[in-house]
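Rule-based calculations on the coordinates, nothing more; no lab input. All of these numbers come straight from a predicted model, not from anything done at the bench. Cβ placement follows ideal geometry from the backbone for every residue including glycine, while neighbour counts extend to all protein chains displayed.
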Amino acid sequence: RIAATYTLGAIGEPAVEALVTCLRDAGAREAGNDPPTPWNEGAISMEDAAHALAAVGVPAIPLLVSLLDPSEYEWTRINAAFTLGEMDSHAIEAVPALLANLTDPSHRVVRTVIDALGNIRSNVPIESIADLLSSCRPGWDTEDLHRWWRPVDQIHTSATPVLAKWGRDAVDAEPALIDALDDPCGHVGSFALDALQRLGTPSASRAAMDYLRSQRWDASIDHKRLF
């Protein structure tokens with residue numbers, strides 16, 4: 001399978017249409033499964049065709065963008081977004097279509113798009129990611145997922161590492177990151193703390209120190225640490 005995947009990638013543009021058909025067929029196959037069978041909160045296994053298309057690169061972008069259309073199956077859209085993200089900044093022309101998918105009703109699509117935009121980075125408006133730190137849509141706060149996290153926890157946890165990865169380029173997200181320190185999901189606060197440290201502004205550093213002071217715990221009292 002690995003050899004076939006990368007052989008198709010090496011063939012390049014002549015293989016794109018057939019690979020895109022594979023992603024559409026996979027979407028149809030998984031349409032009746034919620035979540036799609038390959039989607040697992042512990043480890044997600046994307047389609048081999050997605051990896052092949054990522055290896056093809058730029059020639060595959062126009063058809064991959066077409067797979068982000070809301071009329072396509074959820075699993076197809078997830079794989080298309082993943083593939084574009086694997087191309088990093090080479091997929092810059094796909095940014096508008098990916099941004100449009102941040103409003104997708106599927107939290108799985110949104111989470112994959114967040115990761116893709118975080119990889120592409122170029123021409124991605126900071127606010128598009130920062131706004132997600134406080135977003136909660138119908139259904140996001142009810143469904144239990146892996147480790148008892150809800151979709152809203154997963155969305156926030158996907159968005160904060162992106163801003164941390166962008167470092168000082170994410171300075172406009174500072175207010176949102178400071179607010180995210182108080183997120184009910186502890187991982188969000190941890191990633192937000194890392195992002196604020198990487199920003200390095202005086203106000204970000206103060207907020208990080210205030211957060212650490214408030215979280216300090218003397219383990220000698222009961223010989224336990226909360227984290």
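If a/c stays under 1.5 just call it rounded; otherwise compare a/b with b/c (prolate if a/b is bigger, oblate if not). Do that for the stretch 1-134, with a ≥ b ≥ c from the square roots of the Cα gyration tensor eigenvalues. Verdict is oblate for the stretch 1-134. Could you tell me which of rounded, prolate or oblate describes the stretch 1-51, using a ≥ b ≥ c as the square roots of the eigenvalues of the alpha-carbon gyration tensor, with rounded for a/c under 1.5 and, failing that, prolate when a/b is larger than b/c and oblate otherwise? Oblate shape, in that a/c is at least 1.5 and b/c is the bigger or equal ratio.
Of the peptides 148-155, 46-53, 72-79, 1-8, the ranking by mean beta-carbon count within 10 Å, highest at the top, reads 72-79, 46-53, 148-155, 1-8. Counting pairwise Cα distances across the stretch 23-102, what percent come out greater than 15 angstrom? For the stretch 23-102, the share of Cα pairs beyond 15 Å comes to 52 percent.
Divided by 2.2 N^0.38 Å, where N counts the residues, the Cα radius of gyration of the stretch 82-159 comes to 1.08. Who wins for biggest fluctuation among 31, 159, 81 in a Gaussian network model of the chain, springs between alpha carbons below 10 Å? Its mean-square fluctuation being the largest, the pick is 31.
Extension gain for the segment residue 10 to residue 123, taken as residue separation times 0.36 nm less the Cα-Cα distance, is 37.9 nm to one decimal. Our summary gives the stretch 1-127 a relative contact order of 24 percent, counting only alpha carbon pairs under 8 angstrom and 6 or more residues apart.
Tell me, rounded to the nearest percent, the portion of alpha carbon pairs in the stretch 159-219 spaced more than 19 Å apart. The calculated P(r) of the stretch 159-219 puts 20 percent of pairs beyond 19 Å.
The GNM of the chain, with springs linking C-alpha atoms under 10 angstrom apart, assigns the highest mean-square fluctuation among 173, 116, 18 to 18.
Of 214, 205, 190, the residue with the greatest mean-square motion in the GNM of the chain, using alpha carbon springs below 10 Å, is 214.
Summing +1 for each Lys or Arg and -1 for each Asp or Glu, what net charge is found among the other residues whose Cβ lies under 12 Å from the Cβ of residue 22?
Net charge around residue 22: -2.
Using every alpha carbon pair in the chain, what percent of pairs falls into each 5 Å bin from 0 up to the bin containing the largest distance? The calculated distribution, bin by bin, is 1, 7, 14, 16, 17, 15, 12, 8, 5, 3, 2, 1, 0, 0. For the stretch 1-147, the residue among 4, 110, 14 whose Cα projects farthest onto the positive side of the dipole built from Cβ charges is 4.
Taking every alpha-carbon pair under 8 Å whose residues sit at least 6 apart, the chain reaches a relative contact order of 13 percent. Taking 0.36 nm per residue of sequence separation and removing the Cα-Cα distance, the residue 31/residue 137 pair yields an extension gain of 36.0 nm.
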